[in-house]
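Everything on this sheet refers to the single structure shown next.
The values are calculated or read from the model by the stated rules, or taken from the named source; none is laboratory data. The model shown is predicted, which means the values in this text are computed figures rather than measured ones. Heads up, the Cβs are rebuilt from the backbone with ideal geometry, glycines too, and the neighbour counts pull from every protein chain shown. SASA here: full protein model, heavy atoms, side chains in, ligands and nucleic acids out. Shrake-Rupley method; radii C 1.70, N 1.55, O 1.52, S 1.80 Å.
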Amino acid sequence: MFNIKLLNKIAKVGTDNFDTERYNVGENIEAPDAVMVRSADMHSAELNPELLAIARAGAGVNNIPIDKCAESGVVVFNTPGANANGVKELAIAALLLASRNIVGGIEWVKSLKGETGIAALIEKGKSKYAGCELAGKSLGVIGLGAIGGMVANTANSLGMTVTGCDPYITVEAAWSLSRAIKKAAAYDDIYANSDYITLHVPATAETKGMICEKTIAKMKDGVRIINLSRADLVNSADLIAAVKSGKIASYVTDFATDDIIGVENITVIPHLGASTVESEDNCAVMAARELIEYLENGNIKNSVNFPNASMPHDGDARICVMHRNKTGILSNISSAVASEGINIENMINRSRGDYAYTIVEITGTIPQSVIDRVNAVEDIIRVRVIK
């Protein structure tokens with residue numbers, strides 16, 4: 001029986017994937033084998049020795065101590081693409097909000113309640129809320145993953161000239177892009193040539209504060225910026241100054257910070273990017289299936305701290321080994337298994353940065369002495385046996 005702890009409300013369509021005869025799922029689970037989480041902050045949480053995996057029902061994992069988990073042999077999963085359509089649709093709405101003062105206009109109309117001759121008042125004052133159209137404008141998309149690629153394609157269909165930049169774009173993501181999307185060699189090309197800029201990258205040491213005084217200076221006067229990714233991508237003090245000066249015509253974000261709330265020409269959405277029924281369901285289902293596949297078969301897909309690695313579980317048992325990515329460990333693992341006269345039917349090894357993962361499929365039973373030998377290999381982090 002596997003124990004799955006829910007740190008947030010997870011859509012039932014996701015938790016229904018767990019077989020009740022094999023899984024105990026709930027909020028009040030002690031010593032869980034796995035955790036499902038959305039926004040709960042886990043940085044101060046204790047990682048119990050039994051914990052094998054954490055699945056984040058969403059793409060961002062800033063609320064999870066990734067390195068600490070890796071050192072403890074805890075796989076952290078996310079659900080890339082599961083909420084992409086919901087965020088893409090909000091990004092298109094954000095482009096429109098950045099172009100036309102829709103929110104301001106609506107609030108102004110509310111203020112007219114009870115006035116005489118409302119229709120005439122509106123016709124007289126509506127010019128204050130006039131804006132511009134998207135068609136014919138240039139859009140720079142920074143980050144062309146699941147969401148950024150969809151935004152780029154949709155904006156192109158709306159008549160925008162779209163240029164994208166992503167130094168880490170995958171082959172799959174590249175294939176999904178319309179042929180009309182232009183490629184920028186560097187972010188500076190996006191800054192210099194875009195009427196609109198939309199951000200779709202994770203918050204990392206490289207991207208933190210990427211929109212700042214220095215990069216804003218490279219942008220067109222009157223640029224409009226969309227940020228539905230992370231607040232940390234923007235230096236808010238520099239951004240506010242640029243909005244007030246008119247260098248940035250408007251800024252629309254899904255991440256509220258106290259300093260930007262109430263600033264004219266800044267529209268703050270209350271983190272609604274993935275807040276659709278469909279997105280929450282998709283994320284919950286994907287997260288649950290990732291956990292099931294890992295707990296039952298040791299296969300890893302969509303991990304953020306260990307490499308993806310999977311193969312069919314055709315043998316009698318398998319040894320799953322998490323270890324540091326160092327020379328000679330793989331041969332030592334093989335030798336430890338072979339020393340007991342056990343035949344290796346299949347094996348897979350994958351690495352990611354400082355960490356690696358090896359699955360050894362065997363025929364027959366695995367004696368404890370083999371596990372002890374593998375555990376004794378230097379730089380081994382965790383060993384699991386799956387039958």
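Quick one: Glu27 ticks every box in (1) touching a strand residue (DSSP E or B) at 6+ places or on another chain (Cβ under 8 Å); (2) open to solvent by less than 30 Å² (accessible area, probe 1.4 Å); (3) farther than 19 Å from Arg352 by Cβ; (4) not hydroxyl-bearing (Ser, Thr, Tyr) bar one, so which box is it?
Condition (2) is where Glu27 drops out.
Give the residues of the stretch 296-326 that are assigned to a loop (DSSP other than H, G, I, E, B) and open to solvent by 30 Å² or more (accessible area, probe 1.4 Å), sorted by residue number.
Those that are assigned to a loop (DSSP other than H, G, I, E, B) and open to solvent by 30 Å² or more (accessible area, probe 1.4 Å): Lys301, Asn302, Val304, Asn308, Ser310, Pro312, His313, Asp314, Asp316, Asn325, Lys326.
Mind checking whether some residue in the stretch 157-167 is open to solvent by 40 Å² or more (accessible area, probe 1.4 Å), farther than 23 Å from Ile211 by Cα, modelled with pLDDT under 95 and not small (Gly, Ala, Ser)?
no
Please find, among Thr154, Thr161, the residue that is out of contact with any helix residue (DSSP H, G or I) (no Cβ under 8 Å at 6 or more places or on another chain) and among the β-branched types (Val, Ile, Thr). Let's see the steps before the verdict.
On the way: Thr154 fails: out of contact with any helix residue (DSSP H, G or I) (no Cβ under 8 Å at 6 or more places or on another chain).
Just one listed residue meets the conditions, Thr161.
If I ask for residues that are open to solvent by less than 10 Å² (accessible area, probe 1.4 Å) and either without any contact (Cβ under 8 Å) to a residue 60 or more places away in the chain or outside any helix (DSSP H, G or I) (or both), which ones from the stretch 69-81 would you list?
Listed by number, the residues that qualify are Gly73, Val74, Val75, Val76, Phe77, Thr79.
Identify the residue in the stretch 168-194 that is in a loop (DSSP other than H, G, I, E, B) and among the hydroxyl-bearing types (Ser, Thr, Tyr) and, among all such residues, is most open to solvent (accessible area, probe 1.4 Å).
Restricting to residues being in a loop (DSSP other than H, G, I, E, B) and among the hydroxyl-bearing types (Ser, Thr, Tyr), the top hit is Tyr168.
Quick check on the stretch 327-349. Is at least one of its residues open to solvent by 70 Å² or more (accessible area, probe 1.4 Å), within 29 Å of Phe18 (Cα to Cα) and hydrophobic (A, V, I, L, M, F, W, C)?
no
Residue-wise test of (1) closer than 28 Å to Ala155 by Cβ; (2) buried (at least 16 other Cβ atoms within 10 Å of the Cβ).
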residue: Val13; (1), (2): no, no
residue: Asp16; (1), (2): no, no
residue: Thr20; (1), (2): no, no
residue: Ser44; (1), (2): no, no
residue: Lys88; (1), (2): yes, yes
residue: Ile92; (1), (2): yes, yes
residue: Leu96; (1), (2): yes, no
residue: Arg100; (1), (2): yes, yes
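Against the definition (open to solvent by less than 20 Å² (accessible area, probe 1.4 Å) and either of a type outside the set (Ser, Thr, Tyr) or assigned to a loop (DSSP other than H, G, I, E, B) (or both)), how does Ile197 come out, yes or no?
It is true that Ile197 is open to solvent by less than 20 Å² (accessible area, probe 1.4 Å) and either of a type outside the set (Ser, Thr, Tyr) or assigned to a loop (DSSP other than H, G, I, E, B) (or both).
Among the candidates Ala130, Ala203, Ala185, single out the residue that is among the aliphatic types (A, V, I, L, M), at pLDDT below 95 and in contact with an Asp or Glu (Cβ under 9 Å, 6 or more places away or on another chain).
Among Ala130, Ala203, Ala185, only Ala203 is among the aliphatic types (A, V, I, L, M), at pLDDT below 95 and in contact with an Asp or Glu (Cβ under 9 Å, 6 or more places away or on another chain).
Acidic (Asp, Glu), without any contact (Cβ under 8 Å) to a residue 40 or more places away in the chain and surrounded by 15 or more Cβ atoms within 10 Å (Cβ to Cβ) - does that describe any residue in the stretch 237-251?
We begin by selecting, within the stretch 237-251, every residue acidic (Asp, Glu); these are 238.
When the remaining residues are screened for being without any contact (Cβ under 8 Å) to a residue 40 or more places away in the chain, the result is 238.
Adding the requirement that they be surrounded by 15 or more Cβ atoms within 10 Å (Cβ to Cβ) leaves 238.
Looking through the stretch 237-251, at least one residue is acidic (Asp, Glu), without any contact (Cβ under 8 Å) to a residue 40 or more places away in the chain and surrounded by 15 or more Cβ atoms within 10 Å (Cβ to Cβ).
Checking Lys208 against (1) in contact with a helix residue (DSSP H, G or I) (Cβ under 6 Å, 6 or more places away or on another chain); (2) open to solvent by 40 Å² or more (accessible area, probe 1.4 Å); (3) touching a residue at least 60 places away in the same chain (Cβ under 8 Å), which test does it fail?
Answer for Lys208: the failing condition is (3).
Which of (1) surrounded by fewer than 23 Cβ atoms within 10 Å (Cβ to Cβ); (2) touching a helix residue (DSSP H, G or I) at 6+ places or on another chain (Cβ under 6 Å); (3) within 25 Å of Pro167 (Cα to Cα) does Ile66 not meet, given it meets every other one?
It is condition (2) that Ile66 fails.
Would you mind finding the one in Glu107, Glu133, Glu123 that is touching a helix residue (DSSP H, G or I) at 6+ places or on another chain (Cβ under 8 Å) and farther than 22 Å from Tyr294 by Cα?
Testing whether each residue is touching a helix residue (DSSP H, G or I) at 6+ places or on another chain (Cβ under 8 Å) and farther than 22 Å from Tyr294 by Cα leaves just Glu133.
For residues that are farther than 19 Å from Ile92 by Cβ and not in a loop (DSSP other than H, G, I, E, B), tally how many sit in the stretch 106-142.
Within the stretch 106-142, residues that are farther than 19 Å from Ile92 by Cβ and not in a loop (DSSP other than H, G, I, E, B) number 17.
Please pick out the residue among Thr257, Thr267 that is under 30 Å from Ser236 (Cβ atoms), open to solvent by 10 Å² or more (accessible area, probe 1.4 Å) and either without any contact (Cβ under 8 Å) to a residue 40 or more places away in the chain or of a type in the set (Lys, Arg) (or both). Even if it seems obvious, please write down each step before you answer.
Numbers: Thr267 fails: either without any contact (Cβ under 8 Å) to a residue 40 or more places away in the chain or of a type in the set (Lys, Arg) (or both).
Step by step, each of Thr257, Thr267 is checked, and only Thr257 is under 30 Å from Ser236 (Cβ atoms), open to solvent by 10 Å² or more (accessible area, probe 1.4 Å) and either without any contact (Cβ under 8 Å) to a residue 40 or more places away in the chain or of a type in the set (Lys, Arg) (or both).
Determine whether the stretch 276-290 contains at least one residue that is open to solvent by 10 Å² or more (accessible area, probe 1.4 Å), farther than 30 Å from Lys301 by Cα and touching a strand residue (DSSP E or B) at 6+ places or on another chain (Cβ under 7 Å).
no
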